[in-house]
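To keep things clear, I will list the structure first and then write my remarks on it.
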Amino acid sequence: DSGVTQTPKHLITATGQRVTLRCSPRSGDLSVYWYQQSLDQGLQFLIQYYNGEERAKGNILERFSAQQFPDLHSELNLSSLELGDSALYFCASSVSQRSTDTQYFGPGTRLTVL
Amino acid sequence: AQSVTQLDSQVPVFEEAPVELRCNYSSSVSVYLFWYVQYPNQGLQLLLKYLSGSTLVKGINGFEAEFNKSQTSFHLRKPSVHISDTAEYFCAVMAVQGGKLIFGQGTELSVKP
């Protein structure tokens, strides 16, 4: 158990819909990262927040957005969903934003878009 | 920009045999290197990381990796595998000055009795 929690574990929805994925980092960690894992794209970095502020952006679509709240939990919002958005979405956390920090991964949310 | 190539998508091996999972990277800047493991239906767990110093890095569960700067490689090894090592293994890099963690496509290690 990494100490990072993600809810829900599974999510099944239809094209065009909007969903919110939630992540609670390990106690004391200030950075939160979101990743998407799919069969065709592999594991890709989406976005990073540090202490409530966006710090780095990866291959995140404009239909996707995220935020980190004052209590340091984070939410990833996916809208206008397409079939290709079906994937495993991971959240990770680290103590700071140093590149030497270990990122601890949550168990993931499996999104299925029908 | 950085990229990571894991040379084998699947590696079948018998229990108690040695294994090597190969990873090559490309980067115009200095990088830190990582190996993560993903057990079925679970998140990723850090096995080991190379930041600096000795090029031979020991990690959890008896795994080790060797950083070879001239060959831009970071191969993962274990002298004797167990059935419980069956999982997907990911090599990753991050620029020393920061940025995003770039993952390889993963290597599926399958340990057979």
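Mean projection of the alpha-carbon convex hull of chain B over all orientations, in nm²?
Taking the Cα atoms of chain B, their convex hull projects to 6.7 nm² on average.
In nanometres, what is the gap between the two model label sites at B:E15 and A:L61, each 7 Å from Cα along Cα-to-Cβ?
Going by the 7 Å Cα→Cβ label model, 4.4 nm.
What is the Cα radius of gyration of region B:59-113 over 2.2 N^0.38 Å, N being its residue count?
Rg over 2.2 N^0.38 Å, computed on Cα atoms: 1.32.
Go from 0 up to the bin containing the longest alpha carbon distance in region A:1-53, width 5 Å each, and give me the % of pairs per bin.
4, 14, 21, 26, 21, 10, 4, 0
Which three lengths, in whole Å and largest first, does the protein assembly as shown cover when its Cα atoms are put on their principal axes?
48, 39, 31
Can you flag which of A:K57/B:K78; A:K57/B:K58; B:K69/B:K112; A:K9/B:K58; A:K9/B:K100; A:K9/A:K57 are past 29 Å Cα-Cα?
Table pairs above 29 Å Cα-Cα are A:K57/B:K78; A:K57/B:K58; B:K69/B:K112; A:K9/B:K58.
Given R₀ = 25 Å, what would the calculated FRET efficiency be for B:A1 paired with B:Q42, taking r from the Cβ atoms and rounding to 0.05?
0.25
Mean-square fluctuation check for chain B, GNM, Cα pairs under 10 Å: which of B:S54, B:S27, B:S70 is largest?
B:S70
Label B:S30 and A:H10 with points 7 Å out from Cα along Cα→Cβ: what is the distance between them in nm?
With each label placed 7 Å out from Cα toward Cβ, I get 4.7 nm.
Go ahead and collect, in residue order, the members of region B:48-77 whose backbone nitrogen is under 14 Å from a label point 7 Å along the Cα-Cβ direction of B:D8.
B:75-77
A short reminder: the numbers here are calculations on the coordinates, not readings from a lab. No experiment lies behind these values; they were computed from the predicted model shown. Note: ideal-geometry Cβ built from the backbone for every residue, glycine included; neighbour counts use all protein chains shown.
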